[in-house]
Amino acid sequence: MNPRINKVKRRATQRQLFYREPVQRFLIVCEGKKTEKQYFEAFKVPKDVRDIIVHGLGRNTTSLVREAIKLKGEGDYDQVWCVFDVEDYSPEDINSAINLARRNKINVAVSNQAFEIWYLLHFDYCHTSMSRAQYAALLSKKIGFH
């Protein structure tokens, strides 16, 4: 065997390999201009996530997905999510938006009409029905605005 080739092989096997966790970049396009945007921006970002970009647009289901498609094309994102309420729209509108998102490799998360209830669920488990005024009062008390 050629001693030169053997020496190169030995060096290649002796090299120490370093593994770095992949760094991800997220895009979240949501219906609400304030509440949902603030909710997602408040998340503690894990080390393997480089960026979480949140756009709160105040648009409906299908137009929200169309905007997510546009923004996805303008950036380098590992995951793109579209978040919208389901109670304000017809099942046809919701299904149309979900199908459009799937065809464009966009994840969909749906929330109930009162997104603020997600905030409340961070404090307490609630398994009873309540009005918007009731959970708004509970949430205000929990965060000290009461």
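Computed from the coordinates by the stated procedures, all read-outs in this text should not be read as laboratory data. Keep in mind it's a predicted model, so treat the numbers as computed, not measured. Here the Cβ is made from the backbone with ideal geometry for all residues, glycine too, and neighbour counts use every protein chain on show.
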Are there any trypsin sites (Lys or Arg not before Pro) in the range 49-144 that are in a DSSP loop and have at most 10 other Cβ atoms within 10 Å? List them by number.
K105
Report the Rg/Rh value for the range 38-146, based on alpha-carbon coordinates and the Kirkwood definition of Rh.
1.01
Amide H of V108 versus every other amide H placed in the peptide plane: which residues, excluding those fewer than 5 positions away on the same chain, fall under 5 Å?
C82
